[in-house]
Amino acid sequence: MDERINSYLIAEEPYYRAASNEVALFSAAFARGLPMILKGPTGCGKTRFVEHMAWRLNRPLITMACNEDMSASDLVGRFLLDAQGTVWHDGPLTLAVRFGAICYLDEVVEARQDTTVVIHPLTDDRRMLPLDKRGELVRAHPDFRLVVSYNPGYQSAAKDMKPSTRQRFGAINFDFPPADVETEVVAHESAIAPDMAARLVKIAQQSRALRGRGLDEGISTRMLIHAGGLIADGIDVHDACALAMTTSLTDDRDLQAALAGFVEAQFGPRA
């Protein structure tokens, strides 16, 4: 393996608790070279899953968080000036293509449309990346894999993935795990007692029932872990829940009050 890509190997196993057969499905898709879409709400574990699978499969992982300002050049690379003059620098996608890493594009629908065009030749039998500015055609390493993710809940018609792109991928749906699994995850990741974790999960489940009734999203597993970590550090449970969960979820005072009521139902009124 090229030295330039070694730093992207994950040395220690990232904790991941499977909720269904997603590990087997991803492994089968990886073996066939099938590009993958991971769909699910923010904070449900998509990124951790990719990290875990990269470790499990012993492949380097190059991750890029997409946004509306990201261009194709941010992915493939550009010419830059240095002491030797104008020099080409590979972008993260090009590095992955050349040296056989997994390239993970998080929230891919947030990126500009020209980035979607760039990945098309990598998602069919061609498996190649044209570097037009350099006049080079990079053929993908046999171990190169492309994984993208997005949150369908925040998707708009303007940012929807086109059918011509979507059909090039396999897809796995993610959601927040069942209560017992989520409790196990929160307890493990935040080092709190399972009973405390279970009560946090109940609050999250109540908040998710408000989705579409004032809330765009309910409390995520990630937010529960942050709250649990604060509690483990000795922060008052009400303050921890407000800081990591309820206040950041919405600016609406009535909804914040409702969420605070969920907290009081589990932990009693604030002392």
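The values are calculated or read from the model by the stated rules, or taken from the named source; none is laboratory data. On a predicted model such as this, the values are computed, not experimentally measured, just so you know. Virtual Cβ from ideal backbone geometry, glycine too; neighbours counted across all protein chains shown.
Results, tabulated for the structure shown:
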{"quantity": "So Gly170, is it more than 21 Å from the chain's Cα centre (by Cα) and modelled with pLDDT of 90 or more", "calculated": "no"}
{"quantity": "Considering residues of region 229-238 that are in a helix (DSSP H, G or I) and of a type in the set (A, V, I, L, M) only, the residue nearest to Arg199 (Cα to Cα)", "calculated": "Val237"}
{"quantity": "Unique residue being among the aromatic types (Phe, Trp, Tyr), under 24 Å from Asp175 (Cβ atoms) and assigned by TED's automatic domain parsing to the domain that holds His141 when the list is Phe99, Phe49, Phe79", "calculated": "Phe49"}
{"quantity": "Filtered residues of region 47-63 (kept if of a type in the set (S, T, N, Q) and more than 21 Å from Arg222 (Cβ to Cβ))", "calculated": "Asn58"}
{"quantity": "Positions within region 205-228 being in a helix (DSSP H, G or I) and either free of Cβ contacts under 8 Å to residues at least 40 places away in the same chain or in contact with a strand residue (DSSP E or B) (Cβ under 9 Å, 6 or more places away or on another chain) (or both), in sequence order", "calculated": "Gln205, Ser207, Arg208, His226, Ala227"}
{"quantity": "Residue match in region 46-63 (condition: over 13 Å from the mean Cα position of the chain (by Cα), over 27 Å from Pro177 (Cβ atoms) and among the basic types (Lys, Arg))", "calculated": "no"}
{"quantity": "Single unsatisfied condition, Ala19 versus (1) modelled with pLDDT of 95 or more; (2) of a type outside the set (Ser, Thr, Tyr); (3) surrounded by 14 or more Cβ atoms within 10 Å (Cβ to Cβ)", "calculated": "(1)"}
{"quantity": "Counted residues, region 34-89 - those being farther than 30 Å from Ser248 by Cα, basic (Lys, Arg) and in contact with a strand residue (DSSP E or B) (Cβ under 6 Å, 6 or more places away or on another chain)", "calculated": "1"}
{"quantity": "Filter result (outside any helix (DSSP H, G or I) and either farther than 26 Å from Phe26 by Cβ or of a type in the set (D, E, K, R) (or both)) within region 164-204", "calculated": "Arg168, Asp175, Ala191, Ile192, Ala193"}
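One line per residue, one yes/no per condition, for (1) in contact with a helix residue (DSSP H, G or I) (Cβ under 8 Å, 6 or more places away or on another chain); (2) free of Cβ contacts under 8 Å to residues at least 40 places away in the same chain; (3) surrounded by 14 or more Cβ atoms within 10 Å (Cβ to Cβ); (4) under 25 Å from Thr47 (Cα atoms):
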site	(1), (2), (3), (4)
Glu182	yes, no, yes, yes
Val185	yes, no, yes, yes
His188	no, no, yes, yes
Ile192	yes, no, yes, yes
Asp251	no, yes, no, no
Pro269	no, yes, no, no
